[in-house]
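Chemist: One structure coming up, written as structure tokens, with questions to follow.
The values are calculated or read from the model by the stated rules, or taken from the named source; none is laboratory data. Predicted model only: the values in this text are computed from it and were never measured. All Cβ positions, glycine included, derive from the backbone under ideal geometry; neighbour counts span all protein chains shown.
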Amino acid sequence: MPRVESETYKRLQNDPSCIRNICIVAHVDHGKTSLSDSLLASNGIISQRLAGKIRFLDARPDEQLRGITMESSAISLYFRVLRKQEGSDEPLVSEHLVNLIDSPGHIDFSSEVSAASRLCDGAVVLVDVVEGVCSQTVTVLRQCWTEKLKPILVLNKIDRLITELQLTPQEAYIHLSKVIEQVNSVIGSFFANERQLDDLFWREQLEKNENAEYIEKDDSGIYFNPTDNNVIFASAIDGWGFNIGQLAKFYEQKLGAKRENLQKVLWGDFYMDPKTKKIINNKGLKGRSLKPLFTSLILENIWKIYQNIITSRDSEMVEKIAKTLNIKLLARDLRSKDDKQLLRTIMGQWLPVSTAVLLTVIEKLPSPLESQTDRLNTILVSESDTAAMDPRLLKAMKTCDKEGPVSAYVSKMLSIPREELPVESKRIASSDELMERSRKAREEALNAAKHAGMVENMAMMDLNDNSKNTSDLYKRAKDTVMTPEVGEQTKPKPSRNNDVFCVVSEPSSALDLEFEYEGEDDSDSQDNFGLDFVPTDIDPNDPLSSMFEYEEEDPLLESIKQISEDVNDEVDDIFDEKEECLVAFARIYSGTLRVGQEISVLGPKYDPKCPEEHIETAIITHLYLFMGKELVPLDVCPSGNIVGIRGLAGKVLKSGTLIEKGVQGVNLAGVNFHFTPIVRVAVEPANPVEMSKLVRGLKLLDQADPCVHTYVENTGEHILCTAGELHLERCLKDLTERFAGIEITHSEPAIPYRETFLSASDMNPPQNSQLGRGVHELLLSQYKITFRTFPLSGKVTDFLSQHQNSIKNILKTSTSSMDPVIESTGSSFLDKKSLLVAFEEVINQEEKSRELLSGFKVKLAGFGPSRVGCNILLSQDNLLGSLFEGTPAAFEYSDSIKNGFQLAVSEGPLANEPVQGMCVLVESVHKMSQDEIESIEDPRYQQHIVDLSGRLITSTRDAIHEAFLDWSPRIMWAIYSCDIQTSVDVLGKVYAVILQRHGKIISEEMKEGTPFFQIEAHVPVVEAFGLSEDIRKRTSGAAQPQLVFSGFECIDLDPFWVPTTEEELEELGDTADRENIARKHMNAIRRRKGLFIEEKVVENAEKQRTLKKN
Amino acid sequence: MPINQPSGQIKLTNVSLVRLKKARKRFEVACYQNKVQDYRKGIEKDLDEVLQIHQVFMNVSKGLVANKEDLQKCFGTTNVDDVIEEIMHKGEIQLSEKERQLMLNKVNNEMLTIVSAKCINPVSKKRYPPTMIHKALQELKFSPVINKPAKLQALEAIKLLVSKQIIPIVRAKMKVKVAISEPSRQPELIEKISKLIASSPGESTKPELDPWTCTGLIDPVNYRDLMTLCDKKGTVQVLDMAVIDNTTHN
């Protein structure tokens, strides 16, 4: 039976030499999941017939619908190789356990690839032969390079060369060799970089030490070469694949040549001389146009099969081919109208892709035993770490010792709904449930695939077809996607055993290396299978056991289904109460993990130098074996394996290290992910009552996804940062469906602005020409208060904003009761004296500031807003007292003026945003005589005021605002500093995007030793929404921006400016609202806040729609 | 004899009337829709964009033009420009759909901004974004009206939100510093003030000192009481209008 008992897995787990941890990586849509499907089919997890279509590892419905993978998922596979021993008939059996991780290809989910690659020893790199090397292919190759993963190359979708591009075998051969060359050139560039660095390092060494020797590294082993058997030619969708070694074996008999020789000549410019029947190289060609062996022996045969099946159906020919290849074909298969299916049957038997891949994996990729020795230096971050480590642990890690101290690395936390977790193993009834669950999982996947196909189909269909009933649609959908009817309960196919068991290949006995599925040993198995398989003897914990029941039309099953649906309903109810479990996705480097074991958890910030910090202990509650969407409980798990651990929730946030308790550990988590989250949105529950659910959901999401960042903004918005738009969509879906379970709306986050003013040459004349610019007289009751404002220079403002915490601290200590709650943020504070000295230095640097701020020590009455900001309040003659000298205020209502100042700067006159860079000087307070009061003509003046101190606050604010507007006001917008690494060819496009979004290029540098440019730019936050998507689109993924908030920048335009001169009027019209960005932003903020906007409701009165009724 | 032919008739469509009753006579001006409000605010400066026809009517729909004697009697002038100006600014107007919508939006946004600035989530000590407040108010079926100032409505909304608690919300406290001179003479005053001021950690009250000072949080509702209590006897300094946790946990 192809079904593998979990006992087998457990047995194999104990032997690291037969474990392979691999991940499948590639550009998006190059067929990673289809390939893994084929591998799953070889283990009987899914039917051979469905492989490549069901995309079993895409467990999420949205993954199925979109047809892309979003989360990496792992599965363990069993594989057995039979080796013929010299002189004995009994083949040597070697069994292997392959832990396979399927990773997403889309750029948004690069973090998942990083996490997966950390856990593996080898990588299967897929390349679509039609598309060739794409941007993500380069990224994953680089990832392999830096992580020192050993790669093997799979050239996928060769069928497209035949059916779509319609190349001849010879053309295809040239094409394939070109693709391999492309890949090798990428690897070569990595090698060249490293060599350059080495060279640099060597030269440095040379300067210090004459004797340093340059060690030239050999690059011969790193390239892909089909003759080395590390390249597989495949078509995952049609289920075939091979490497040269396999075919060398195949042709050994046919041609009677030695296998070792064939191996060398099957790829490359080697030809068969038709007369001498000898193999010759280019020299022996002598001008004849012969086809290379690869073309004539391999490709032409494959082409022939395709031609006879797909292009023109020729049953006789097919039968002939089948006969020569020793493939059993059933009459039914030949009669079947489904060409693809026939093709799959033939090709799948001749050259099964799973065999090719798994064989290559086992032969070419290292076991944990070998790789840990090699990779340990990469895994351990720095030398000092190694030194601090317990030598026992180090040794155990190097040798992958399962007896040694435990060390494991958690690369991410998976959040799994409790309903999907296997129930406690004690329960006997669980066998049925598990069976049911696995059947359901499969059905779900299938249905989703069908659904996706249907959607596609619907789109293609004529819109008039609406009248057709759904079942009709359904059939059509099935035709297009060719989904076999296994998903349908009502129609069990009588011949279903064919698709799985026709794999028996007769010629296998002739080959000395052969693959067999477990089930083939038992000749009766075909009869057993699918008829009346009794699940009584099944290990209750093995979900695979249910594999063969799923097509049964069993009333009992139906009732079980009914029950389980009820159970599901219940589960749903529980789910409403947030039943979501965190399972750690971990690789064990040494030692053995046991359920119930107590281990230390080292956080990502853990440093061996201070072993007390960032360390916690946790107890492992469950261990799981990953089987795609399903988890199989384990009791123990030895080193070298990938395992799911429960019990770490709250202890491990995103990634972490597990070390045996009491052993001096080392931080394995020093992996730096390539991407930081850059897309920010504000999320809110649709129903405000469910706020707490959202908060909890965000916390869970933050833990479960290494590339998500969440926090609460000052405005109270919950901000969610993700790596890209697609990633965002997934996160929102996760939030609504799993983590929070509520409706969620998202919007652009509110963007902060600042207001300031400056002295410009084209300002309007000052309001009051006698007093001068920026001066305002406030007449209130019997007082006449004169305010003078002037702009602070950028340096002063910067100084103030840098030292906010220091000022806060000084304020706290000097007036002890001022601000009782200040948390120490850990940064060093300047004391009062040094702050003043430093401040004076800054002021004295500029002539203008020195003049304006002379004697500030005495005059200074406060900062603002919230008493620490970048605005200064001064007073002449101690009117408001002095902040630093501590002298009392001379004016009795000084508090009101101070409060008025605070108000004025926290809500500026332009758009109620905080002001920065303003200095207000209270020049004089004059108590007016009766005569003076009578001579005042201002109609707004009021003499008798009830609550003067209160009134003075608002009046001061207004007066300061008036004075503010006397200068040339400016809006400041928040700026991201944006780093982009890009290749030369898309440099222009990056520039275009940046400039279109009002960005500025700050610098542009060629990176030494690479063909890349490093661009630094400033982009306003407002315009940055969708920037990353835009850049990626325009550069087809070759450039990726990183955004960091970097303060505020002035929009160099007066928001109130209107054209005045004739030329300006002619050019811009009399309002120029299109041109004035500053006003556009000011109005947008004002509209958001409900402030007054100077905008007409209707521009042209006469152009309104005429209504009969008034 | 008036010429009553189609070519001599002026038909007004899309009329918005501005009426003014003066000396028991009704005067009307025919304006375009959605424009009067702008003219009053001074956004629209061109009177021709606002007026349909440069005349003062007794009744626009009947086409009755006001005669000069009436104008002289009621406005003291026969200058049509002056009269129109007065009617435009003092007369009652009909709000048209767009204007109403705009004003409602404005009042609503302003109110939400005020509520958001004045209230916090007692658990996280953070503000709520206006959109959240909006949703909560919709849930409570609270809708703003245009003829009340936004600030008043905001206070009503806060009251409603706090009483219903569909989201955990409280009004943010104000932080004040009170200083009373000669405290020994006014023990009962100090006691009253102390009652108003909720004690906060690290707060320092030193009764023996002169002047007596106290820093603490108060409910903004009590601010006026505090002011009247301290009137003439001491000073009240507002340190923070709303105490909100402004630390961003990045």
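Chemist: Exactly one of these conditions fails for B:Ser16: (1) in contact with a Leu (Cβ under 7 Å, 6 or more places away or on another chain); (2) touching a residue at least 40 places away in the same chain (Cβ under 8 Å); (3) polar (S, T, N, Q). Give me its number.
Modeler: (1)
Chemist: For region B:99-111, indicate whether the set of residues that are within 12 Å of chain A (Cβ to nearest Cβ) and over 27 Å from the mean Cα position of the chain (by Cα) is non-empty. Walk me through how you get there before you give the answer.
Modeler: If we filter region B:99-111 for residues that are within 12 Å of chain A (Cβ to nearest Cβ), which is where we start, we get B:99-111.
Now drop any that are not over 27 Å from the mean Cα position of the chain (by Cα), which leaves none.
Checking region B:99-111: not a single residue is within 12 Å of chain A (Cβ to nearest Cβ) and over 27 Å from the mean Cα position of the chain (by Cα).
Chemist: Quick check, is A:Ala723 in contact (Cβ under 8 Å) with a residue 60 or more places away in the chain, under 19 Å from A:Val1044 (Cα atoms), in contact with an Asp or Glu (Cβ under 8 Å, 6 or more places away or on another chain) and surrounded by fewer than 22 Cβ atoms within 10 Å (Cβ to Cβ)? Step through it out loud before you land on a result.
Modeler: On the way: in contact (Cβ under 8 Å) with a residue 60 or more places away in the chain: yes; under 19 Å from A:Val1044 (Cα atoms): yes; in contact with an Asp or Glu (Cβ under 8 Å, 6 or more places away or on another chain): yes; surrounded by fewer than 22 Cβ atoms within 10 Å (Cβ to Cβ): no.
No, not satisfied.
Chemist: Looking at the structure I just gave you, is A:Gly132 modelled with pLDDT of 80 or more and either assigned to a loop (DSSP other than H, G, I, E, B) or under 18 Å from the mean Cα position of the chain (by Cα) (or both)?
Modeler: Yes; evaluated as a whole, the condition is true for this residue.
Chemist: Being at pLDDT 60 or above and part of a loop (DSSP other than H, G, I, E, B) is the filter; apply it to region B:235-250 and report the residue that is farthest from the other protein chains (Cβ to nearest Cβ). Before the answer, list the steps.
Modeler: Initially, region B:235-250 is screened for residues at pLDDT 60 or above, giving B:235-245.
Among the residues that remain, those that are also part of a loop (DSSP other than H, G, I, E, B) are: B:241-245.
On the way: B:Met241: 8, B:Ala242: 10, B:Val243: 9, B:Ile244: 8, B:Asp245: 9 Å.
Filtering region B:235-250 for residues that are at pLDDT 60 or above and part of a loop (DSSP other than H, G, I, E, B), the one farthest from the other protein chains (Cβ to nearest Cβ) comes out as B:Ala242.
Chemist: While we're here: Of the residues B:Ser116, B:Ser124, only one is in a loop (DSSP other than H, G, I, E, B) and either within 7 Å of another protein chain (Cβ to nearest Cβ) or buried (at least 19 other Cβ atoms within 10 Å of the Cβ) (or both); which?
Modeler: Working: B:Ser116 fails: in a loop (DSSP other than H, G, I, E, B).
Just one listed residue meets the conditions, B:Ser124.
Chemist: Within region B:127-154, track down each residue that is closer than 23 Å to A:Ile744 by Cβ and facing chain A (nearest Cβ under 7 Å).
Modeler: B:Arg127, B:Tyr128, B:Pro129, B:Thr131, B:Met132, B:Lys135, B:Ala136, B:Glu139
Chemist: Further question: Quickly run through region A:43-63 and pick out the residues that are surrounded by fewer than 24 Cβ atoms within 10 Å (Cβ to Cβ) and either in a helix (DSSP H, G or I) or within 24 Å of the chain's Cα centre (by Cα) (or both).
Modeler: Answer for region A:43-63, where residues must be surrounded by fewer than 24 Cβ atoms within 10 Å (Cβ to Cβ) and either in a helix (DSSP H, G or I) or within 24 Å of the chain's Cα centre (by Cα) (or both): A:Ala59, A:Arg60, A:Pro61, A:Asp62, A:Glu63.
Chemist: Same structure, new question: Taking the criterion of being within 14 Å of another protein chain (Cβ to nearest Cβ) and under 25 Å from A:Phe1092 (Cβ atoms), would at least one residue in region B:54-65 satisfy it?
Modeler: There is no residue in region B:54-65 that is within 14 Å of another protein chain (Cβ to nearest Cβ) and under 25 Å from A:Phe1092 (Cβ atoms).
Chemist: Taking the options A:Val140, A:Val154, A:Val179, name whichever one is surrounded by 17 or more Cβ atoms within 10 Å (Cβ to Cβ) and outside any helix (DSSP H, G or I). Outline the logic, then answer.
Modeler: On the way: A:Val140 fails: outside any helix (DSSP H, G or I); A:Val179 fails: outside any helix (DSSP H, G or I).
A:Val154 is the lone residue from the list that is surrounded by 17 or more Cβ atoms within 10 Å (Cβ to Cβ) and outside any helix (DSSP H, G or I).
Chemist: Report yes if some residue within region A:723-746 is within 12 Å of another protein chain (Cβ to nearest Cβ), assigned to a loop (DSSP other than H, G, I, E, B), over 30 Å from A:Lys927 (Cα atoms) and not hydroxyl-bearing (Ser, Thr, Tyr); otherwise report no.
Modeler: Yes, region A:723-746 contains at least one residue that is within 12 Å of another protein chain (Cβ to nearest Cβ), assigned to a loop (DSSP other than H, G, I, E, B), over 30 Å from A:Lys927 (Cα atoms) and not hydroxyl-bearing (Ser, Thr, Tyr).
Chemist: Would it be correct to say that B:His89 is assigned to a helix (DSSP H, G or I) and either charged (D, E, K, R) or more than 12 Å from every other protein chain (Cβ to nearest Cβ) (or both)?
Modeler: Numbers: assigned to a helix (DSSP H, G or I): yes; either charged (D, E, K, R) or more than 12 Å from every other protein chain (Cβ to nearest Cβ) (or both): yes.
Judged against the criteria, B:His89 is a match.
Chemist: Please specify each residue of region A:871-887 satisfying the condition of being in contact with a helix residue (DSSP H, G or I) (Cβ under 6 Å, 6 or more places away or on another chain) and under 16 Å from A:Leu903 (Cβ atoms).
Modeler: Within region A:871-887, A:Asn871, A:Leu873, A:Leu880 meet the criteria.
Chemist: May I pose another question? Show the residue pairs that are 6+ apart or on different chains and have beta-carbon atoms under 6 Å apart, the first residue being within region A:940-963 and under 12 Å from A:Glu777 (Cβ atoms), the second being at pLDDT below 90 and polar (S, T, N, Q).
Modeler: A:Ala963/A:Thr789
Chemist: Return only the number of the condition from (1) touching a strand residue (DSSP E or B) at 6+ places or on another chain (Cβ under 7 Å); (2) within 11 Å of chain A (Cβ to nearest Cβ); (3) modelled with pLDDT under 85 that B:Ser181 does not satisfy.
Modeler: So the condition that B:Ser181 fails would be (2).
Chemist: A further question on this structure: If you check A:Ile872, A:Ile936, which single one turns out to be among the aliphatic types (A, V, I, L, M) and crowded, with 18+ Cβ neighbours inside 10 Å? Outline the logic, then answer.
Modeler: Details: A:Ile936 fails: crowded, with 18+ Cβ neighbours inside 10 Å.
Sole residue among the options that is among the aliphatic types (A, V, I, L, M) and crowded, with 18+ Cβ neighbours inside 10 Å: A:Ile872.
Chemist: Quick one: how many residues across region A:874-909 are away from chain B (no Cβ under 14 Å) and farther than 17 Å from B:Val236 by Cα? Can you show your working first?
Modeler: Quick first cut of region A:874-909, residues away from chain B (no Cβ under 14 Å) only: A:874-879, A:882, A:884-887, A:890, A:908-909.
Adding the requirement that they be farther than 17 Å from B:Val236 by Cα leaves A:874-879, A:882, A:884-887, A:908-909.
Residues flagged as away from chain B (no Cβ under 14 Å) and farther than 17 Å from B:Val236 by Cα within region A:874-909 amount to 13.
Chemist: Here's a follow-up. Condition test on A:Glu690, is it touching an Asp or Glu at 6+ places or on another chain (Cβ under 9 Å), facing chain B (nearest Cβ under 10 Å), assigned to a strand (DSSP E or B) and modelled with pLDDT of 75 or more? Please lay out each step first, then the result.
Modeler: Working: touching an Asp or Glu at 6+ places or on another chain (Cβ under 9 Å): yes; facing chain B (nearest Cβ under 10 Å): yes; assigned to a strand (DSSP E or B): no; modelled with pLDDT of 75 or more: yes.
When the stated conditions are applied, A:Glu690 does not pass them.
Chemist: Search region A:330-366 for residues being at pLDDT below 85 and of a type in the set (Ser, Thr, Tyr), and hand back the single one that is surrounded by the fewest Cβ atoms within 10 Å (Cβ to Cβ).
Modeler: Among those residues, the one meeting the criterion is A:Ser336.
Chemist: Please work out which residue is surrounded by the most Cβ atoms within 10 Å (Cβ to Cβ), limiting yourself to region A:676-687 and to residues that are within 11 Å of chain B (Cβ to nearest Cβ) and over 20 Å from A:Asn714 (Cβ atoms). Please lay out each step first, then the result.
Modeler: Of all residues in region A:676-687, those within 11 Å of chain B (Cβ to nearest Cβ) come to A:682-687.
Now restrict to residues that are over 20 Å from A:Asn714 (Cβ atoms): A:686-687.
Values: A:Ala686: 12, A:Asn687: 17.
The residue in question is A:Asn687.
Chemist: If you take just the strands (runs of 3 or more DSSP E) that sit entirely in region B:12-74, which of them hold at least 2 residues that are hydroxyl-bearing (Ser, Thr, Tyr) and surrounded by fewer than 16 Cβ atoms within 10 Å (Cβ to Cβ)?
Modeler: On the way: elements: B:15-22, B:25-32, B:57-59.
So the answer is none; nothing clears 2.
Chemist: In region A:1000-1015, is there at least one residue being closer than 23 Å to A:Phe109 by Cα and either basic (Lys, Arg) or in a helix (DSSP H, G or I) (or both)?
Modeler: No, that holds for no residue.
Chemist: Within region A:709-744, can you find the residues that are farther than 28 Å from B:Lys118 by Cα and touching a Ser or Thr at 6+ places or on another chain (Cβ under 7 Å)?
Modeler: Across region A:709-744, the qualifying residues are A:Ala723, A:Gly724, A:Leu728, A:Cys731, A:Arg738, A:Phe739.
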